1. Any idea how far the Cα center of the range B:1-52 sits from the one of the range B:71-95, in Å?
2. Taking Cα pairs under 8 Å and at least six residues apart, what relative contact order does chain B come out at, in percent?
3. Find which of A:His76, A:Ala64, A:Gln38 sits farthest along the positive direction of the dipole of the range A:19-76, computed with +1 on the beta-carbon of Lys and Arg, -1 on that of Asp and Glu, about the Cα centre.
4. Remind me, relative contact order of chain A in percent, using alpha carbon pairs under 8 angstrom and six or more residues apart?
5. I need two numbers for chain A: Rg to one decimal and Dmax as a whole number, Cα atoms only, in Å.
6. With every atom except the alpha carbons ignored, what do you get for Rg and Dmax of chain B, in angstroms?
7. What is the mean number of Cβ atoms from other protein chains located within 10 Å of the Cβ atom of each residue in peptide B:53-60, rounded to a whole number?
8. Where nothing but the Cβ of Lys and Arg (+1) and of Asp and Glu (-1) is charged, how large is the charge dipole of the range A:1-90 around its Cα centre, in debye to the nearest 20?
Amino acid sequence: KNQVEQSPQSLIILEGKNCTLQCNYTVSPFSNLRWYKQDTGRGPVSLTIMTFSENTKSNGRYTATLDADTKQSSLHITASQLSDSASYICVVSDRGSTLGRLYFGRGTQLTVWP
Amino acid sequence: EADIYQTPRYLVIGTGKKITLECSQTMGHDKMYWYQQDPGMELHLIHYSYGVNSTEKGDLSSESTVSRIRTEHFPLTLESARPSHTSQYLCASSNSGLEIYEQYFGPGTRLTVT
């Protein structure tokens, strides 16, 4: 069964600190992995997309890593800001269907305190 | 910021009423999607469309229906709303013809059926 599991479920950090969010997946055949940021009451916004051959990708203070062998990914946030408070969702796309179906994790709810 | 719009943003309605959630995009994307999301849970695909006059049901069974008469417009209709339909509904769109495509999400409609 294709699944995406994220940990921790929730996380509280102080402004300026770093944090790392984890994602494990069982989606096969694998096409790509994405990290989205979803602010409360808004739609998800893409942060990074990585294919099988990429093991790291950065977008400003966000750095995603991918280990396709162990089917694990992480999202590292550097020097957190209050605006980073949001849900971070790991999404994996499969290969082999015209739709390129997306499998969503439940997200990690990050709260940044001043 | 993606050019995809949803109205209304919030809707509180009584049981048995017919409702239509609107979704429009100005990016000329062929593919459009409807997702349902409950608090703290993953997004579930309920409908998608490859283009005009194409609609398909997604992974999660839904009593809603959709139509795609124009490329830019993908409304979702509930003929008789029930409390079990209370949820957040997210619309998305993407380009076709690409293996790795970006899905752009609208801001969502928060539906409450009393």
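1. Distance between centres, Cα-based: 4 Å.
2. Working: 291 pairs, mean separation 41.1, N = 114.
Relative CO of chain B lands at 36 percent.
3. A:Gln38
4. Details: 290 pairs, mean separation 42.2, N = 114.
Value for chain A: 37 percent.
5. 13.7, 46
6. For chain B, the Cα radius of gyration and maximum Cα-Cα distance read 13.4, 42 Å.
7. Averaged over the peptide's residues, the number is 1.
8. On the way: 8 positive and 7 negative charges, 28 e Å.
For this selection, approximately 140 debye.
Read-outs throughout are calculated quantities, based only on the coordinates presented, and are distinct from any laboratory measurement. Just so we're clear, the structure is a prediction, and the values are computed from it rather than from any experiment. All Cβ positions, glycine included, derive from the backbone under ideal geometry; neighbour counts span all protein chains shown.
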